[in-house]
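The values are calculated or read from the model by the stated rules, or taken from the named source; none is laboratory data. Computed from a prediction, not measured in an experiment: that's the story for all the values here. Counting neighbours? That spans all protein chains shown, and the Cβs are built from the backbone with ideal geometry, glycine included. Side chains are part of the model used for accessible areas, which takes the heavy atoms of the whole protein and leaves out ligands, DNA and RNA. Shrake-Rupley method; radii C 1.70, N 1.55, O 1.52, S 1.80 Å.
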Protein chains: 2
Amino acid sequence: MAETRTLPGGTGAAVRMKRGDRIEIKLAHGLQVVDFWSMNAADFGEYGSMSHSRSHWFRLSPRPGDAIVTNRRNPIVAFEEDSTGGAHDTILPCCDLKRYHQFGVEGYHRNCTDNFHEGLRALGIEPPPIFLPINLFMQVPLGADGTLMIVAPRAKPGDRVVLRAEMAIVGVMSACPFDLLPLNGPDCKVNDVDYRLF
Amino acid sequence: MAETRTLPGGTGAAVRMKRGDRIEIKLAHGLQVVDFWSMNAADFGEYGSMSHSRSHWFRLSPRPGDAIVTNRRNPIVAFEEDSTGGAHDTILPCCDLKRYHQFGVEGYHRNCTDNFHEGLRALGIEPPPIFLPINLFMQVPLGADGTLMIVAPRAKPGDRVVLRAEMAIVGVMSACPFDLLPLNGPDCKVNDVDYRLF
């Protein structure tokens, strides 16, 4: 699949990638946070782990060229290109229905946890327990007093990352549906995202 | 068990706690990082999650009174007292044998992952997949450029935390054996730690 596909804002998709395969994720339609999970295709007990990656990088966020490493400290996905220079979050979990209810939403609201499940099931894969993704394009600045804030992406429309699989993986992405804080942009709207495997 | 027990430096232990039970962990013998994991005693698929806790606190580290929340966003363990004012790490994973090998150690070295397994098995519990603990007394300052450092605890000998179980839990602690960086103190030595359930 070399053609560009569009991930509708607020939805998710999963992809299979062989070692060396690349995925481009591009903000072709406006600002948007994209949660990205990676799992060893041969053993979902091994997955891209943000805490192990921080320990590997000695940074909170990756620089271009850095690889996400697994809970077994093996490289799984490398940032081959990153036009944002590393403006991604590794600190906060993805949203789930309970988070929306905590913010006062009643009834159902789309959420990244359900997108993770739906994306995998669309590939015929029974989802393993969910884990902390890398939140591509998300900005969580730290205050001098240790506080966290959620602000609009530092990325600009047209920005992109190219991730290269360092082993055979299943990758999952979710164009985060969160519209209660300016996470996806100052207007709190969600946008479509383009992706391309090559 | 109201008596004080000593956790030898570099080793681990697991405890069962009912809702409302407290555990005091005290630096009675010098500086020492203590990794602490908490799991819902009725369902190990629910566990104290650092990323969800950060999302709940809107901070990197807890303040006295804050509760660690689970991957299902329920309070599981509260910081009832904390003489350090919250000088703990939630960013870095616990050590494992591979981490020591990456630092050049050959052969076996005690590590927090094995301590997690041993502590649970000593209670007759088959360990679930390990997850990111709170690293009590550990200091990981962030540079203005996003870099992480591992430095000696800001805590002082005699400092302590009192954790209160907010549900029936299994708690696991490991007096971290890492002696290749000044994580446990400027002398890179490990120390015994006292704990008491009440």
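Can you pull out the residues in segment B:115-151 that are open to solvent by 30 Å² or more (accessible area, probe 1.4 Å), in contact with a Gly (Cβ under 8 Å, 6 or more places away or on another chain) and either in contact (Cβ under 8 Å) with a residue 60 or more places away in the chain or over 25 Å from B:Arg59 (Cα atoms) (or both)? Result: B:Glu118, B:Pro129.
Every residue, every condition in (1) farther than 30 Å from A:Pro141 by Cβ; (2) in a loop (DSSP other than H, G, I, E, B), yes or no:
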site: B:Arg154; (1), (2): no, yes
site: B:Gly158; (1), (2): yes, yes
site: B:Val161; (1), (2): no, no
site: B:Arg164; (1), (2): yes, no
site: B:Val172; (1), (2): yes, no
site: B:Leu183; (1), (2): no, no
site: B:Cys188; (1), (2): yes, yes
site: B:Asn191; (1), (2): yes, yes
site: B:Arg196; (1), (2): yes, no
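Of all the criteria given as (1) of a type in the set (Phe, Trp, Tyr); (2) within 10 Å of chain B (Cβ to nearest Cβ); (3) in contact with a helix residue (DSSP H, G or I) (Cβ under 7 Å, 6 or more places away or on another chain), the one not satisfied by A:Phe58 is (3).
A quick yes/no check of all residues on (1) aromatic (Phe, Trp, Tyr); (2) under 22 Å from A:Pro186 (Cα atoms):
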{"position": "A:Pro8", "(1), (2)": "no, yes"}
{"position": "A:Arg16", "(1), (2)": "no, no"}
{"position": "A:Tyr47", "(1), (2)": "yes, no"}
{"position": "A:Pro62", "(1), (2)": "no, no"}
{"position": "A:Arg72", "(1), (2)": "no, no"}
{"position": "A:Tyr100", "(1), (2)": "yes, yes"}
{"position": "A:Gly104", "(1), (2)": "no, yes"}
{"position": "A:Gly107", "(1), (2)": "no, no"}
{"position": "A:Arg110", "(1), (2)": "no, yes"}
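Within segment A:71-114, the set of residues being within 14 Å of chain B (Cβ to nearest Cβ), within 22 Å of A:Glu46 (Cα to Cα) and open to solvent by 50 Å² or more (accessible area, probe 1.4 Å) comprises A:Arg72, A:Pro75.
The residue of segment B:16-55 that is least open to solvent (accessible area, probe 1.4 Å), among those that are in contact with an Asp or Glu (Cβ under 6 Å, 6 or more places away or on another chain) and more than 14 Å from chain A (Cβ to nearest Cβ), is B:Leu27. Name the residues in segment B:118-137 that are part of a loop (DSSP other than H, G, I, E, B) and within 12 Å of chain A (Cβ to nearest Cβ), would you? Listed by number, the residues that qualify are B:Pro128, B:Pro129, B:Ile130, B:Phe131, B:Leu132, B:Pro133.
For every residue, the table says whether it meets (1) over 12 Å from B:Arg73 (Cβ atoms); (2) touching a strand residue (DSSP E or B) at 6+ places or on another chain (Cβ under 9 Å); (3) modelled with pLDDT under 95.
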| residue | (1), (2), (3) |
| --- | --- |
| A:Pro75 | yes, yes, no |
| A:Asp82 | yes, yes, no |
| A:Ala87 | yes, yes, no |
| A:Ile91 | yes, yes, no |
| A:Leu97 | no, no, no |
| A:His101 | no, no, no |
| A:Glu106 | yes, no, no |
| A:Asp114 | yes, yes, no |
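When A:Ala144, A:Ala87 are checked against the criterion of being outside any helix (DSSP H, G or I) and either within 15 Å of the chain's Cα centre (by Cα) or on the phi > 0 side of the Ramachandran plot (or both), A:Ala87 stands alone in meeting it.
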